[in-house]
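One structure below.
The values are calculated or read from the model by the stated rules, or taken from the named source; none is laboratory data. The model shown is predicted, which means the values in this text are computed figures rather than measured ones. Methodologically, a virtual Cβ is constructed for each residue, glycine included, from the backbone with ideal geometry; neighbour enumeration extends over all protein chains shown.
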Amino acid sequence: MPFSRLRILLQLGALGFLITLVQLDIITVALEKLGLSRDTAFLLLASTLVGSLINVPLFSIKTREVGSGFSQQEIPAYFRPPPMHPAGKTVIAANVGGCLIPVIFSIYLLARSALSAAEATIAVATVAWVAYLFSRPIPGLGMAMPVLVAPVTAALVAVTLNYQLSAPLAYIGGTLGVLLGADVLRLRDVRTLGARAASIGGAGTFDGVFITGLLAVLLTQ
């Protein structure tokens, strides 16, 4: 995404939130609820953090010239995103930390648990539908969605479908649901963002996918 002081502040805020979770040992507790050892939990976290810096290009789509999307009243001048680039192409990529690792880990959880494909499908589809309804494109920033909507939805659906295995089901539904509803199904809206590149999974851990999965797990049994 193009340089934006507001985007940088949002990512710094997310980083501070993540550091707080680490200091309070909340992330480790959440991952241990998924059956991971402490060492494996830290390995997953480290891989996700490093992977958030890597994007794998997939394809490109045509875009059109757009403005910043903010009026004078909506945001102070200092924090306004710069003008968007002219009509052309936007490269769509998959973020390793925010997309590929959560998908692989979700498949791992599904394979090693007694969860059925039907339960996982319902959980993912429900969260994806909610994420699609609540997400919206913001030029210069990306896709935005209230932070607690997806994890609360994932936790409620998981507890309802399979209370005994609600933790892994919440993670699977939360992460894959957000990726599908707020990223994949919103690809057509990327053309309105005016970006030269956009990644599925956003900025890795900081786009909310990883945190959504962890919060969803913490809200279960």
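Among (1) modelled with pLDDT under 90; (2) surrounded by 23 or more Cβ atoms within 10 Å (Cβ to Cβ), where does LEU141 come up short?
Single failed check for LEU141: (2).
Across segment 151-209, what is the total count of residues that are part of a loop (DSSP other than H, G, I, E, B), at pLDDT 80 or above and in contact with a Leu (Cβ under 9 Å, 6 or more places away or on another chain)? Quick ask: steps written out before the conclusion?
So in segment 151-209, the residues part of a loop (DSSP other than H, G, I, E, B) come out as 162-165, 185-186, 193-196, 201-203, 208.
Still in the running and at pLDDT 80 or above: 162-165, 185-186, 201.
Subsequent filtering for residues that are in contact with a Leu (Cβ under 9 Å, 6 or more places away or on another chain) retains 162, 165, 201.
So the answer is 3.
I need every pair where a residue in segment 151-173 that is touching a residue at least 40 places away in the same chain (Cβ under 8 Å) has its Cβ under 6 Å from the Cβ of a residue that is in a helix (DSSP H, G or I) and basic (Lys, Arg), sequence separation at least 6 or different chains.
ALA167/LYS33
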